[in-house]
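Just so you know, all these numbers are worked out from the coordinates, no wet-lab data involved. Quantities reported herein were computed from a predicted structural model and do not represent experimental measurements. Here the Cβ positions follow ideal geometry from the backbone for every residue, glycine too, while neighbour counts run over all protein chains shown.
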Amino acid sequence: MKKFICDIDVTGSCNLRCPSCPQGNIKGYRLPRGFMEPELLARIIRKVTSECFVERCSLFSWCEPLLHPRLPELIRIVREAGVPSYLSSNLNILTNVDAIMAENPTFFRISLSGFSQEVYGYTHRGGNIKRVKQHMLELAEAKKRHNSSTRIYVYYHRYLHNLKEEPLMRRFSTDLGFEFEPVWALFFPVEKIFSYLGEDENSFSLTAEDHELIENLAVPLGKALEAAKGNRNMPCLLRDKAISLNFEGNFTLCCGVFDASKYTLGNYLETPLDEIQRMRESHPMCNRCMAHGIHRYLIHGFQELTELALAHIAPEDAELLNLRHEIAQIHKRQKLIRIYDTLFTRILSPEKKASLADRFYHLDRFLSRLHQKNKGKG
């Protein structure tokens with residue numbers, strides 16, 4: 001049985017307008033709006049678990065899941081199906097926090113890009129960092145009240161302007177018991193990337209604001225896309241290992257494209273998985289994207305990203321973030337992945353491989369946290 005991740009936008013909107021995201025950098029177009037009904041989600045989960053082994057179900061993609069008034073009920077449906085549930089939020093709103101933690105989602109990711117309002121507000125446009133910090137406190141308290149095992153972590157988007165604030169947010173997060181996972185900010189969606197490459201076959205042209213954002217990327221977009229093209233023969237995990245749906249239960253080409261009017265391909269409940277995959281694999285946009293290696297850029301799918309950042313950012317920022325150690329850890333992790341794939345791909349069931357991969361992940365995170373703790377003592 002094939003393994004897939006199921007990405008479901010349970011809402012059709014977002015409360016922020018971040019400039020690196022199509023919710024903020026595309027003018028004059030909005031996704032269809034609405035909320036997924038719990039009954040529809042239950043039907044989708046029954047179908048997807050009958051067709052493949054579901055590694056996790058993400059109740060978000062381009063939109064903000066905490067806008068959904070019945071989110072705890074949706075989490076329960078996924079959990080009762082035996083599937084790990086995944087939330088990602090900008091945390092500018094936090095209603096039903098006790099109900100959410102009582103349902104014990106598997107993962108809860110908090111998207112951040114600064115510690116002060118001046119820095120955070122530039123790349124999380126429309127957000128209020130004071131409110132987010134208060135909600136982080138409330139989330140930590142609710143987790144304790146409900147003895148939740150939810151893994152909460154801060155996903156810190158690294159730009160040129162916010163690197164000096166990363167240690168401040170790391171300390172604030174870890175003091176609350178949250179994990180901290182920095183990531184190099186990228187530019188989305190695929191349509192805008194093609195505009196950058198001069199292949200503007202859509203209405204999503206680059207604006208002056210886009211160029212300003214691109215200049216603020218810690219990983220230069222042009223060089224990143226060159227490196228991605230060198231990895232174009234690598235598989236596309238967004239196509240081969242993930243299924244993306246909107247709140248109406250329609251499946252899209254992938255989570256990298258934004259224009260629902262062009263890339264909504266059909267109704268998931270009415271289409272067998274094999275047919276869905278055939279439609280995606282033969283789609284012209286899919287072939288164009290992979291020819292440029294954009295599918296690897298979208299998932300941070302090559303280790304050169306951190307090396308490109310190291311060559312681009314200020315030396316004092318690289319030292320502050322201890323990037324050389326980070327690169328060394330990436331190389332070690334890549335070796336572990338190759339060993340894991342070689343030893344276990346053919347002899348373990350998908351369920352056992354997923355369980356073992358999770359153990360590897362938590363061991364890696366523990367060693368990383370231990371290093372950061374010892375570094376702080378020094």
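Between LEU237 and MET1, take the C-beta separation as r, use R0 = 25 Å, and let me know the FRET efficiency to the nearest 0.05. Don't skip to the end; give the middle numbers.
Details: r = 17 Å, r/R0 = 0.70.
So, using R0 = 25 Å, E works out to roughly 0.90.
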Mind listing the Cα extents of region 199-319 along all three principal axes, in Å, largest one first?
-> 55, 31, 26
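For region 109-188, just run the numbers: alpha carbon Rg, then divide by 2.2 N^0.38 Å, N being how many residues it has. Don't jump to the answer; show the numbers that get you there.
Working: Rg = 12.6 Å, N = 80, 2.2 N^0.38 = 11.6 Å.
Compactness ratio reported: 1.08.
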Could you tell me what percent of the DSSP beta bridges with both partners in the chain are antiparallel, to the nearest 5?
-> 20 percent
Hey, with R₀ at 30 Å, roughly what FRET efficiency would PHE107 and GLU226 work out to, going by the Cβ-Cβ distance, to 0.05?
-> 0.40
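Please give the length that would be gained between LEU269 and ARG145 if that part of the chain were fully extended, namely 0.36 nm times their separation in residues minus their C-alpha to C-alpha distance (nm, one decimal). It would help to have the intermediate numbers written out before the result.
Values: separation 124, 0.36 × 124 = 44.64 nm, distance 3.80 nm.
Full extension of this stretch gives 40.8 nm more.
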Find, to one decimal place in angstroms, the Kirkwood hydrodynamic radius of region 39-127, where the mean of 1/r is taken over every pair of different Cα atoms and then inverted.
-> 14.2 Å
Cross-link pairs beyond the 32 Å C-alpha cut-off, checked among LYS47/LYS229; LYS47/LYS262; LYS2/LYS130; LYS229/LYS262 | LYS47/LYS229; LYS2/LYS130
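Using Cα-Cα distances under 8 Å and only pairs 6 or more residues apart, what relative contact order does region 3-302 have, in percent? Can you show the working numbers first?
Numbers: 535 pairs, mean separation 59.9, N = 300.
Computed over region 3-302, the figure is 20 percent.
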Kindly provide the Kirkwood hydrodynamic radius of the chain in Å, to one decimal, from all pairs of distinct alpha carbon atoms.
-> 21.6 Å
For a footprinting-style exposure proxy, rank CYS255, CYS289, CYS52 by other Cβ within 10 Å, fewest first.
-> CYS52, CYS255, CYS289
